[in-house]
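Let me begin by presenting the structure, written as structure tokens, before commenting on it.
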Amino acid sequence: MKSDDIKAAALKYFTLHGYEGASLSQIADEVGMKKQSIYAHFKGKDDLFLQVLHDAKETELALKLQYFSGTGSLQPETDLYGFLRLVIDLFRENEQLKFWLRMSFFPPAHLVRAIEQEVVDLEEKVQATLERKFQEWIDAGAMAEFSAQISTLAFLGIVDSIMLELVYVNDEKRLTDKVNASWAVFWRGISQR
């Protein structure tokens with residue numbers, strides 16, 4: 001259980017101060033142990049950081065897969081727009097995902113490769129899930145017969161623009177306007193038969 005406590009404290013400090021600003025001493029103090037005791041659980045700061053990052057990635061993946069496992073084949077408009085709202089809510093409310101988002105955009109320079117691998121792994125899994133859902137909707141006649149891959153990549157473009165807004169801009173109106181405009185054009189394009 002101590003490893004989980006250490007990771008929870010590390011998440012807090014890495015999110016607040018970034019990799020460089022967080023110290024193992026702060027993290028140890030938070031869980032009521034000496035800094036040296038962290039090394040019984042983790043090889044060092046990089047190992048701790050990467051494990052916290054991996055956990056955050058797995059949380060995001062699980063939440064997104066769970067969302068799509070509850071969708072059917074007849075409501076793509078509702079399900080896709082709901083997914084956009086889910087993304088916004090997750091990254092605003094979940095501390096792990098706030099951390100994940102910040103670190104995927106602003107990684108510590110010496111850990112860029114490791115973080116890129118985690119980001120690409122997540123993106124490939126989400127893309128594969130979305131492609132399957134788009135194929136279901138296409139097969140059910142619920143949308144235009146673009147390829148599932150093209151529909152998925154276009155949709156992920158909207159998700160990417162949301163991520164940029166969440167990282168760089170804290171303006172609800174701007175985010176809402178961007179989501180609504182992107183969604184209207186996207187949905188009109190894929191719903192035409």
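Summary of computed values
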item	result
Environment charge at residue 39 (Cβ cut-off 13 Å; Lys +1, Arg +1, Asp -1, Glu -1)	+3
Solvent-accessible ranking of 169, 120, largest area first, probe 1.4 Å	120, 169
Unit charges at the beta carbon, dipole of the chain: most positive-side option, 168, 73, 21	21
Within the accessible area of region 1-142 (1.4 Å probe), percent carbon and sulfur	51
Mean shadow area of region 103-193 over all directions, Cα convex hull, nm²	6.6
C-alpha long axis of helix 112-139 to longest principal axis of the chain, angle in °	30
Set 45/133; 98/178; 35/64; 2/125 screened for pairs whose C-alpha atoms are more than 28 Å apart	45/133; 35/64; 2/125
Positive minus negative residues near residue 157 (Lys, Arg vs Asp, Glu; Cβ under 14 Å)	-2
With all protein chains modelled, accessible area of residue 150 [1.4 Å, Å²]	100
Average accessible surface area per residue within the chain, 1.4 Å rolling probe, Å²	52
The chain, dipole about Cα centre (Lys/Arg Cβ +1, Asp/Glu Cβ -1), debye to the nearest 20	260
Cleavage-rule hits, GluC sites (Glu not before Pro), region 79-138, DSSP coil, Cβ neighbours within 10 Å at most 10	none
Exposure of residue 41 as accessible area (Å², to 10), given a probe of 1.4 Å and all protein chains	70
Rounded to the nearest 10 Å², the accessible area of residue 37 at probe 1.4 Å	50
Whole-number D in µm² s⁻¹ for the chain, Kirkwood Cα-pair radius fed into Stokes-Einstein, 37 °C, 0.692 mPa s	180
C-alpha long axis of helix 148-168 to longest principal axis of the chain, angle in °	50
Using alpha-carbon coordinates, inclination of helix 76-93 to the longest axis of the chain, degrees	20
Among 142, 128, 40: highest mean-square fluctuation, GNM of the chain, C-alpha pairs under 10 Å	40
Region 13-58: mean projected area of Cα convex hull, nm²	3.1
Dipole magnitude of region 83-123, debye to nearest 20 (Cβ charges: Lys/Arg +1, Asp/Glu -1, about Cα centre)	160
Per-selection metrics, region 33-98 (Cα): Rg and Dmax in Å	17.2, 56
CD proxy at 222 nm, helix term only [per DSSP H run n ≥ 4: -39500 (n - 2.57); per residue of the chain; nearest 500]	-27000 deg cm²/dmol
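The values are calculated or read from the model by the stated rules, or taken from the named source; none is laboratory data. None of the values given here were measured: they were computed from a predicted structure. Glycine also receives a Cβ, built like all others from the backbone with ideal geometry; neighbour counts cover every protein chain displayed. Protein only, heavy atoms only, side chains kept; ligands, DNA and RNA dropped before computing areas. Shrake-Rupley method; radii C 1.70, N 1.55, O 1.52, S 1.80 Å.
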